[in-house]
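**Student:** I am attaching a structure below and will ask some questions about it afterwards.
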Amino acid sequence: MLRDARLVAGKDLRLEWRSRVTIGQVAPFALLVLVLFAFAFDPDSGSLQRAAAGLFWVAVLFSSVLAVQRSMAMEAADGNRDALRLSLLDPGGIFLGKAAAVAVQLVVLEVVLLIGIAVLYGTRLTGAGLLLATCAPATAGIAAAGTLYGVLAAGLRVRETLLPLLLLPVLAPVLIGATQAFDAALQGDLGEGWPWVGLLTVFALLYIASGVAAFGPLLEES
Amino acid sequence: MEPVVHFRSAVALLGRFPALAGVDLDVGRGEVVLLQGPNGAGKTTLLRACAGLVAVVGGEARVLGEDLRLDRRTVRRRVGLLGHATALYDELTVADNVHFWARAAGASRADADGALTRLGLDGRLRDVAVHRLSAGQRRRTSIAAMLARRPELWLLDEPHAGLDAAGRDLVDGLVGEASAAGATVLVASHELERAQALAGRIVTVAGGAVVEDRVVADAS
């Protein structure tokens, strides 16, 4: 399964490197979301700094929908899904590989967005250890749930519009946990953040286990 | 010897529509069989059912000794399907695509390189992104990806489509070599003259069923 995951992740990342969709389109979209939030909030009242953690993760979630749609569109095009079904690849390995590739792209986005909230909102990035510890399980959870719901929506004719409706509610616990942990890190209140990291880890493991178990049947049905 | 393909009163549904409505077909090892019939007759569904991509819900369906009603995954590993779609990633190069699908099928890098050479894709085209290829070059790449799998059962849906004269001759040569090596080949084609020259049998499909099955000597 891990060999198959490496093969699929390598292929997806090579495709991303050649097409530059994350760097050229998704990252600018994520930054645009941050800029629009900056227009909507009054920068002088300090509300942007207080809401920075939540705005960061909302931007990550919106961007993740684009990354997942792109990831699944690769397989929907030109009979590739049939070819995957005809391959020897373990469906769990395909899931892990696609989720890993999405996660790598989200990490790049998160770096860009962290720089964005520092520059645009004037947020001081304190508590680096907690910030990193939050990003790891939150990113894994978003990528796993996104890949699972991506293949679920892939078989439906209205997949482009349905995916956000399916995915964003499922990711609400990740948004809450990651925002709380990030907020604790940015406020310098590290003790408040670690329990949320634990909760995020539980959600990530749950989404990964569900994906490994369900991806095969969903690939068959899509 | 057990036939490679054995369908008896096989039924397959596409939604509620019976795309296969009681197919009877036996194909032996090393045979090349042409499937002919009008559009919508069920040729593509029959090929996809043989590949284990369409569920057979009634009758008997055994391919390469596997009962498709019990297990469709095992047979998929042993067949090669060349469909209407080319199943290639546009941004990857020709070599990247063939290497990926070869490795995904458990074949080696050497198998993939051999297939690239056989299809004439080992020169300048090897490192060209697929979205820059002509339709015929895409088709060759797709055939190379299938060839690298070393399938025991070849399922070819309009294999000559989009190819120039040299490409068509190449496909015919590959089919001949596969058959001589013991592989079984099912070809669905509207190019009857060319396909008939390849096939030992012609099976006519209409309304989701086999309506005629004759050896080529009788075909004319």
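The values are calculated or read from the model by the stated rules, or taken from the named source; none is laboratory data. If you're wondering where the values come from, they're calculated on a predicted model, not measured in any experiment. For neighbour counting, all protein chains shown are included, and Cβ atoms are generated from backbone atoms with ideal geometry for every residue, glycine included.
**Student:** Could you please give the count of residues in the range B:103-133 that are more than 10 Å from every other protein chain (Cβ to nearest Cβ) and either of a type in the set (A, V, I, L, M, F, W, C) or in contact with a strand residue (DSSP E or B) (Cβ under 8 Å, 6 or more places away or on another chain) (or both)?
**Tutor:** Taking the range B:103-133 first, the residues more than 10 Å from every other protein chain (Cβ to nearest Cβ) are B:108-128, B:132-133.
Now restrict to residues that are either of a type in the set (A, V, I, L, M, F, W, C) or in contact with a strand residue (DSSP E or B) (Cβ under 8 Å, 6 or more places away or on another chain) (or both): B:110, B:112, B:115-116, B:119, B:121, B:125-128, B:133.
The number of residues fulfilling the criteria is 11.
**Student:** Looking only at the range B:1-39, count every residue that is closer than 18 Å to B:Val187 by Cβ and not in a strand (DSSP E or B) and tell me the total.
**Tutor:** Here the count works out to 9.
Residues are listed down the side, and each one gets a yes or a no for (1) assigned to a helix (DSSP H, G or I); (2) charged (D, E, K, R); (3) more than 15 Å from the chain's Cα centre (by Cα); (4) under 15 Å from A:Leu113 (Cβ atoms):
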residue: A:Phe56; (1), (2), (3), (4): yes, no, no, yes
residue: A:Val68; (1), (2), (3), (4): yes, no, no, no
residue: A:Met72; (1), (2), (3), (4): yes, no, no, no
residue: A:Ala76; (1), (2), (3), (4): yes, no, yes, no
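**Student:** Of (1) facing another protein chain (nearest Cβ under 10 Å); (2) out of contact with any strand residue (DSSP E or B) (no Cβ under 7 Å at 6 or more places or on another chain); (3) at pLDDT below 90, B:Leu88 satisfies all except one. Which?
**Tutor:** (3)
**Student:** Considering only the range B:134-142, I want to know if a residue exists there that is at pLDDT 90 or above, within 27 Å of B:Gln36 (Cβ to Cβ), in contact with a strand residue (DSSP E or B) (Cβ under 6 Å, 6 or more places away or on another chain) and buried (at least 22 other Cβ atoms within 10 Å of the Cβ).
**Tutor:** No.
**Student:** Picking from A:Leu190, A:Leu156, A:Leu148, A:Leu206, which residue would you name as being farther than 30 Å from A:Leu48 by Cβ and modelled with pLDDT under 85? Working first, answer last.
**Tutor:** Details: A:Leu190 fails: farther than 30 Å from A:Leu48 by Cβ; A:Leu148 fails: modelled with pLDDT under 85; A:Leu206 fails: modelled with pLDDT under 85.
Of A:Leu190, A:Leu156, A:Leu148, A:Leu206, the one residue that is farther than 30 Å from A:Leu48 by Cβ and modelled with pLDDT under 85 is A:Leu156.
**Student:** In this structure, is B:Asp71 over 17 Å from the mean Cα position of the chain (by Cα), assigned to a loop (DSSP other than H, G, I, E, B) and not assigned by TED's automatic domain parsing to the domain that holds B:Ala180?
**Tutor:** Values: over 17 Å from the mean Cα position of the chain (by Cα): yes; assigned to a loop (DSSP other than H, G, I, E, B): yes; not assigned by TED's automatic domain parsing to the domain that holds B:Ala180: no.
Spelling it out, it is not the case that B:Asp71 is over 17 Å from the mean Cα position of the chain (by Cα), assigned to a loop (DSSP other than H, G, I, E, B) and not assigned by TED's automatic domain parsing to the domain that holds B:Ala180.
**Student:** Out of the residues in the range B:180-201 that are modelled with pLDDT of 90 or more and touching a strand residue (DSSP E or B) at 6+ places or on another chain (Cβ under 8 Å), which is farthest from B:Val4 (Cα to Cα)?
**Tutor:** Of everything passing the filter in the range B:180-201, B:Ala188 is farthest from B:Val4 (Cα to Cα).
**Student:** Can you spot a residue in the range A:11-23 that is buried (at least 20 other Cβ atoms within 10 Å of the Cβ), over 24 Å from A:Ala209 (Cα atoms) and charged (D, E, K, R)?
**Tutor:** yes
**Student:** Check whether at least one residue in the range B:92-105 is of a type in the set (Ser, Thr, Tyr) and part of a helix (DSSP H, G or I), and report yes or no. Write out each step before concluding.
**Tutor:** Of all residues in the range B:92-105, those of a type in the set (Ser, Thr, Tyr) come to B:93.
Still in the list and also part of a helix (DSSP H, G or I): none.
No; the residues of the range B:92-105 include none that is of a type in the set (Ser, Thr, Tyr) and part of a helix (DSSP H, G or I).
**Student:** Select, from B:Gly59, B:Gly83, the only residue that is in contact with a Ser or Thr (Cβ under 6 Å, 6 or more places away or on another chain), surrounded by 16 or more Cβ atoms within 10 Å (Cβ to Cβ) and either within 10 Å of another protein chain (Cβ to nearest Cβ) or without any contact (Cβ under 8 Å) to a residue 60 or more places away in the chain (or both).
**Tutor:** Numbers: B:Gly83 fails: in contact with a Ser or Thr (Cβ under 6 Å, 6 or more places away or on another chain).
Selected residue: B:Gly59, the only one of B:Gly59, B:Gly83 that is in contact with a Ser or Thr (Cβ under 6 Å, 6 or more places away or on another chain), surrounded by 16 or more Cβ atoms within 10 Å (Cβ to Cβ) and either within 10 Å of another protein chain (Cβ to nearest Cβ) or without any contact (Cβ under 8 Å) to a residue 60 or more places away in the chain (or both).
So that you can scan it fast, the table gives a plain yes or no per residue for (1) in contact with a strand residue (DSSP E or B) (Cβ under 7 Å, 6 or more places away or on another chain); (2) at negative phi; (3) buried (at least 20 other Cβ atoms within 10 Å of the Cβ); (4) within 14 Å of chain B (Cβ to nearest Cβ):
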residue	(1), (2), (3), (4)
A:Asp44	no, yes, no, no
A:Gln49	no, yes, no, no
A:Ala52	no, yes, yes, no
A:Met72	no, yes, yes, yes
A:Arg81	no, yes, yes, yes
A:Leu84	no, yes, no, yes
A:Gly93	no, yes, yes, yes
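**Student:** For the range A:1-10, how many residues meet the condition of being crowded, with 17+ Cβ neighbours inside 10 Å and either facing chain B (nearest Cβ under 9 Å) or charged (D, E, K, R) (or both)? Show your work before the answer.
**Tutor:** In the first step, residues of the range A:1-10 are kept if they are crowded, with 17+ Cβ neighbours inside 10 Å; the result is A:4-5, A:7-9.
Restricting the remaining residues to those that are either facing chain B (nearest Cβ under 9 Å) or charged (D, E, K, R) (or both) gives A:4, A:7-8.
Result for the range A:1-10: 3.
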